[in-house]
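**Q** One structure follows; several queries about it will come next.
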Amino acid sequence: MQRVNINLNKPLTISRRMTLPAIPHSWMVIAVLGAIMLLWASAFTGVTVALQAYTPIQLAFARYMVASTVLLLYAIITRMPVPRLRDVPGIFFTGALGFGLYNVALNAGQQTVSPGIASFIASSEVGVMALMAAVFLGERLSRWGWIGIIVSFAGVAMISFAGDMGLELSGGVLLVMVSTLSTSAFSIMQKPYLRRYSATQYTTYAIWGGTLSLLPFASGTLGAVHAAPLDATLSLIYLGVLPGALAYVGWSYVLSHMDAARAGSYLTIIPVMALFIAWLWLGDVPTMTSLIGGSIVLAGVLLVNR
């Protein structure tokens, strides 16, 4: 029988003649990204299900109360340190932007926009992040990147005016676009904090900030929970624990190991996943005009990646 030596800090070795290489760190980042994309793709359909019983603000608050509770338990178990006092206002602001405003705007938009189309609009985040990264972080944006941003926004505009009764401006699409702008800004603004805090620490603080920012507007949430059907509440809990808490911790981890523009480029797969999940879960089939507009958005995103 061969002797097996296992050292967590070295590649796995079987005797002295066979060595299994350790998983490269970059592959770990990609694996986390894949899980994040799947969870965030499912969130669009989860929001639609939960909105059957909750208002946009109630859903946002209850979702992140669940996420905050999960992360609070984790913080107690791991004895997570409190943030520096001078960082608290900034963390609260980014949390209010990336979790409070983002979720309220997305929930309100999805009252009239299907999960699949909402995911197409959200995919323009890649272009918005690239633009913000160029302006605020000094990351390079090529000529193709600028063209891609314009094409992406043209696709969003096409979806915005694709009404059932002809050419009409969709307020729901505009609200989803507001949520896209807010989460893009959140992804850029968290970068400095990730130099002082781990991904888990920063995400925990920011989610608490986002939840507190929603507290003054969350009246009636407890009553809504008592009156809601089981599937809506289960969807809310799922949104809080997986796409809410765990996925954002993973996203902060990814951004701490990869530049913002490159990390955002991987999010282009989410709309395809979201369309498939919405079809399986709700039987949702988007209109041809919306699909064309979504394809234009993705074409712009690919140009940004180029």
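The values are calculated or read from the model by the stated rules, or taken from the named source; none is laboratory data. Note that the structure is predicted; figures quoted are calculated from it, not measured. Ideal geometry is used to build each Cβ from the backbone, glycine not excepted, and the neighbour counts take in all protein chains shown. SASA here: full protein model, heavy atoms, side chains in, ligands and nucleic acids out. Shrake-Rupley method; radii C 1.70, N 1.55, O 1.52, S 1.80 Å.
**Q** Go through (1) at pLDDT 90 or above; (2) farther than 23 Å from Val178 by Cα; (3) open to solvent by 30 Å² or more (accessible area, probe 1.4 Å) and name the single condition Thr78 misses.
**A** Only one criterion is unmet by Thr78, namely (1).
**Q** Related question: Please report, ordered by residue number, the helices (runs of 4 or more DSSP H) entirely within the stretch 199-299 with at least 1 residues that are over 18 Å from Ser114 (Cβ atoms), in contact with an Asp or Glu (Cβ under 6 Å, 6 or more places away or on another chain) and at pLDDT below 85.
**A** 260-265
**Q** Sort out which residues of the stretch 111-151 are part of a helix (DSSP H, G or I), open to solvent by 40 Å² or more (accessible area, probe 1.4 Å) and of a type in the set (Gly, Ala, Ser), and write them in order of number.
**A** Matches in the stretch 111-151: none.
**Q** Then there is this: What number of residues within the stretch 185-217 satisfy the criterion of being within 12 Å of Phe93 (Cα to Cα) and within 17 Å of the chain's Cα centre (by Cα)?
**A** 11
**Q** Only one of (1) assigned to a helix (DSSP H, G or I); (2) open to solvent by less than 70 Å² (accessible area, probe 1.4 Å); (3) modelled with pLDDT of 90 or more fails for Val29. Which number is that?
**A** With respect to (1) assigned to a helix (DSSP H, G or I); (2) open to solvent by less than 70 Å² (accessible area, probe 1.4 Å); (3) modelled with pLDDT of 90 or more, Val29 is out only on (3).
Residues are listed down the side, and each one gets a yes or a no for (1) among the polar types (S, T, N, Q); (2) touching a helix residue (DSSP H, G or I) at 6+ places or on another chain (Cβ under 6 Å); (3) over 19 Å from Phe186 (Cα atoms):
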site: Pro56; (1), (2), (3): no, yes, yes
site: Leu72; (1), (2), (3): no, no, yes
site: Ile77; (1), (2), (3): no, no, yes
site: Pro83; (1), (2), (3): no, yes, no
site: Phe93; (1), (2), (3): no, no, no
site: Leu97; (1), (2), (3): no, yes, no
site: Leu101; (1), (2), (3): no, yes, no
site: Asn107; (1), (2), (3): yes, yes, no
site: Ser114; (1), (2), (3): yes, no, yes
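**Q** With the requirement that a residue be surrounded by fewer than 21 Cβ atoms within 10 Å (Cβ to Cβ) and aromatic (Phe, Trp, Tyr), what does the stretch 208-246 give you?
**A** Those that are surrounded by fewer than 21 Cβ atoms within 10 Å (Cβ to Cβ) and aromatic (Phe, Trp, Tyr): Phe217, Tyr238.
**Q** Next question. Restricting the search to the stretch 247-306, which residues are open to solvent by 70 Å² or more (accessible area, probe 1.4 Å) and among the β-branched types (Val, Ile, Thr)?
**A** Ile269, Val272, Val285, Ile292
**Q** Looking at the structure I just gave you, is Thr233 in contact with a strand residue (DSSP E or B) (Cβ under 8 Å, 6 or more places away or on another chain) and more than 22 Å from Val29 (Cβ to Cβ)?
**A** No: the conditions fail for Thr233.
**Q** Out of Phe92, Phe61, report the one residue that is in a helix (DSSP H, G or I), within 23 Å of Ala43 (Cβ to Cβ) and not acidic (Asp, Glu).
**A** When all the criteria are applied, what remains is Phe61.
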